[in-house]
Amino acid sequence: MKNKKEMAWWLKNKYAMEICRINSSHRLSYFIEIRHKLKDIEYWTILGFLWSMAHWPSESLNDWIYLFSSNRPKRHKLMSLKEQKIFNELPEKVKIYRGHDKDHLDGLSWSLDKNIAEFFAYRYVRRKSDCEFIVTEKTVPKEAIVCYLNDRKENEVIYIENFKIIKARY
């Protein structure tokens, strides 16, 4: 939760409270089931929360791409006011970095900070003995960046190449 006002919203919103009660491994599936019942602000706020709590989003990559690619208004509700300000100030071409192993280049989570990407690349090496340390750098158009998030101090951007909607499994 980003502030007291947001905390109060969560406590009053029945869908937000239900999401919090569900086992974390089932939250995304539940969100997919109820997404049509949600108002736009609920959709984006809850989706942002789910993303911040996801440990290995690459396991449901197509679902995340589908959900982040929604044409619903109020996408800015994924971000705090401070994050919105940083996002709005990004240049038209943005240099982003991703730390990954050879099987996970296609993830959505990138950073504006190369050191953060190196940390994540190293994390893969620690998990797998046969893993390569890879940091990919790209310069991308700002319109391919869904949002900027920094609640985990990762200078994270959600990047979807060409903003394609991929048919999810539902």
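The values are calculated or read from the model by the stated rules, or taken from the named source; none is laboratory data. Everything numeric here is computed off the predicted structure, so don't read it as measured data. In this analysis, Cβ positions are derived from the backbone assuming ideal geometry, glycine residues included, and neighbour counts consider all displayed protein chains. Please note that ligands, DNA and RNA were not included when accessible areas were found on the heavy atoms of the full protein model with its side chains. Shrake-Rupley method; radii C 1.70, N 1.55, O 1.52, S 1.80 Å.
Quick notes on this one:
- Put a dot 7 Å past the Cα of Q84, heading toward its Cβ, do the same for L61, and the two dots end up 3.2 nm apart.
- In the chain, excluding the sites themselves, the longest stretch lacking any of the trypsin sites (Lys or Arg not before Pro) that are in a DSSP loop with at most 12 other Cβ atoms within 10 Å is 40-101.
- The stretch 93-108 and the stretch 40-80 have Cα centres spaced 18 Å apart.
- Across all directions, the average projected area of the convex hull around the alpha carbons of the stretch 74-123 is 4.5 nm².
- Counting charges near L47 (Lys, Arg +1; Asp, Glu -1) among other residues having Cβ under 10 Å from its Cβ returns a value of +3.
- Mean projection area, nm², convex hull over Cα of the stretch 1-77: 4.9
- Residue-averaged 222 nm ellipticity for the chain, from DSSP H runs of 4+ at -39500 (n - 2.57), nearest 500: -12000 deg cm²/dmol
- Applying D = kT/(6 pi eta Rh) to the chain, where Rh is the Kirkwood radius over alpha-carbon pairs, T corresponds to 10 °C and eta to 1.306 mPa s, the Stokes-Einstein value obtained is 95 µm²/s.
- Around K14: net Lys/Arg minus Asp/Glu count, Cβ-Cβ under 14 Å: +2
- Distance in nm between pseudo-label sites at R123 and C20 (7 Å out along the Cβ direction from Cα): 2.4
- The mean of 1/r over all pairs of different alpha-carbon atoms in the stretch 61-146, once inverted, gives a Kirkwood hydrodynamic radius of 14.4 Å.
- Ranked from largest to smallest solvent-accessible area, with a 1.4 Å probe on the protein heavy atoms, I65, I41 come out as I41, I65.
- Model label sites at K138 and M7, defined 7 Å from Cα along the beta-carbon direction, differ in position by 3.7 nm.
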